[in-house]
1. Testing Asn309 on (1) surrounded by fewer than 24 Cβ atoms within 10 Å (Cβ to Cβ); (2) in a strand (DSSP E or B); (3) touching an Asp or Glu at 6+ places or on another chain (Cβ under 8 Å), one condition comes back false. Which one is that?
2. When the stretch 97-140 is examined, which residues are found to be closer than 12 Å to Glu284 by Cα, of a type in the set (Val, Ile, Thr) and buried (at least 21 other Cβ atoms within 10 Å of the Cβ)?
3. Got at least one residue in the stretch 444-457 being within 16 Å of ligand 1 (Cβ to nearest atom) and surrounded by fewer than 15 Cβ atoms within 10 Å (Cβ to Cβ)?
4. Of all residues being surrounded by fewer than 17 Cβ atoms within 10 Å (Cβ to Cβ) and on the phi < 0 side of the Ramachandran plot in the stretch 411-435, which is nearest to ligand 2 (Cβ to nearest atom)? Just the residue, please.
5. How about the stretch 7-103: which strands (runs of 3 or more DSSP E) wholly inside it have at least 2 residues that are touching a residue at least 12 places away in the same chain (Cβ under 8 Å) and in contact with a Lys or Arg (Cβ under 9 Å, 6 or more places away or on another chain)?
6. Of the numbered conditions (1) in contact with a Phe, Trp or Tyr (Cβ under 6 Å, 6 or more places away or on another chain); (2) within 19 Å of Tyr243 (Cβ to Cβ), Gly359 satisfies every one except a single condition; which is it?
7. Within the stretch 275-298, can one find any residue that is part of a helix (DSSP H, G or I), among the polar types (S, T, N, Q) and crowded, with 17+ Cβ neighbours inside 10 Å?
8. Among the residues of the stretch 386-410, which ones are under 22 Å from Leu265 (Cα atoms) and more than 13 Å from ligand 2 (Cβ to nearest atom)?
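The values are calculated or read from the model by the stated rules, or taken from the named source; none is laboratory data. From a predicted model like this one, the values you see are computed outputs, not experimental measurements. In this analysis, Cβ positions are derived from the backbone assuming ideal geometry, glycine residues included, and neighbour counts consider all displayed protein chains.
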Amino acid sequence: MSKRTFSIGGIHPHDSKISRECAIETLPVPPVVYVSVSQHIGAPAKPVVAVGDKVKAGQVVAEPGGFVSAFIHSPVSGTVKSVGPRKDLSGNNQNTIEIAVEGDEWVEGVDLSPEIVTGFPDDNSVIMDKIRQGGIVGLGGATFPTQVKLAPPPGKKCEMLIINGCECEPYLTCNYRYMLERAEQVVIGTAIIKQVLGVGKATIAIEDNKPEDIAHMEKVVAGLAASSAKYAGISVMAMQTKYPEGGEKQLIDAVMHRQVRSGGLPIDVGAVVQNVATAFAVYEAVQKNKPLVSNTMTVTGDCLPVQHNYEVRIGTPISYIIEKAGGLPEAAAKVISGGPMMGKAVSNLDAATVKGTSGILILTEEQTRRAPETHCIRCGKCSDACPMGLEPFLLFRLTKADMVPELEDNAAQDCIECGCCLYSCPAHLPLLDIIRTGKQQVMGVIRARAAAAKAAAEAAKASQVAK
Ligand code: SF4
Ligand code: SF4
């Protein structure tokens, strides 16, 4: 079994996976859920319920607002109490549907039994419809609507499906638990995605700090391959443990030895990457008619007396989850949504989870304290660590000098915000915080340029028609 990794940069932070032995528990349904209509990349969904409406779990409450958008379903049964702006995890207002919970009644047709269904439709249009209707989005962080990602543009062909089981972020273990406890469903989901893409090969990539997952997944893959030809062509690949192995471009480099160019997409080099949690969600939508109304998240922190991996209904307030996990410890100084490297600080504990929430990490004052900044000593450690081949010290300086065209020339837009530069800098400079601002400015310029080009093309077309 080969062990691969990406070719440039990367770091080895302590993995701190102190919740790895915690089996997935189902968190009790909260009294109220807050369901945002902006839980995915793309246009927000449009609410189709009004105050006073009775809803069931699994019922559509918002429809896609565009081509790149997704259905949103009620995660509970109850009464719609309000539809309007509410603060999300970052403190930004999002259109949100508030539902007071009454019982736990599901829409007809959802199979809640534990039985594992291995046979799936031959007709890809049936599968794609179920994925779209199920509101499935990428659960590895990007929350890109899955039905869009599974329909490559004309002229592009998928040669390899990569299922991302790396979970390279320290502290997070919910994907680890998925692969131990729900391996069959993940492999069936993988086979379904593979069929839709019409690709012969799928690789489930797992870092070698999870040997139990690797062994178990290999066994399940072999068992299903022996049961039906539909499961042929799926393999398990052990990856070196190195952060950010689970980054989309890094994983493609590691598995296929192909590099996605600046501004390019994985499909440009024949790859489609999906997370193990997304493969599970595809299984649930296609095989059990169950839309994406819950997700699994790690609730962890060295100051927490007990660690957890919870299955949580989407829209559950963070404060409720923390209360069920034993309450906020006295030593808690910061709550992060996600892991310590790429997660975001939670500014509002009353905010609710969304489809992409993968963890809640509680840090102490000591863990969040930053060492005092000194001066750049031009050691180059940030460049050595950058997995995108960027020069973080240069991007830092250009952002501070407000030199946006030069930032674009030096590919600030390619920054994946992994934090490797920040982690490596002996001068403790806030490289990521500053570079993120520069990246946003460049992205604004790129978007404005694309909009202007589109408008000019439309105007030229209209003038041709007029002639
Ligand atoms: S945060 Fe951006 S600049 Fe820093 S190492 Fe990661 S990709 Fe490179
Ligand atoms: S790692 Fe820090 S000190 Fe070294 S070159 Fe980069 S910014 Fe300067």
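1. For Asn309, the failing item is (1).
2. Ile127, Ile131, Ile136
3. Just the residues of the stretch 444-457 that are within 16 Å of ligand 1 (Cβ to nearest atom), to begin with: none.
No, the conditions are met nowhere in the stretch 444-457.
4. Filtering first and then ranking leaves Pro426.
5. Working: elements: 24-26, 32-36, 60-63, 78-87, 93-101.
Qualifying strands (runs of 3 or more DSSP E): 32-36, 60-63, 78-87, 93-101.
6. Just one mismatch for Gly359, condition (1).
7. Within the stretch 275-298, the first condition is being part of a helix (DSSP H, G or I), and the residues that meet it are 276-288.
Those left that are additionally among the polar types (S, T, N, Q): 278, 287.
Applying the additional criterion that residues be crowded, with 17+ Cβ neighbours inside 10 Å yields 278, 287.
Yes, the stretch 275-298 contains a residue that is part of a helix (DSSP H, G or I), among the polar types (S, T, N, Q) and crowded, with 17+ Cβ neighbours inside 10 Å.
8. Listed by number, the residues that qualify are Pro387, Met388, Gly389, Leu407, Glu408, Asp409, Asn410.
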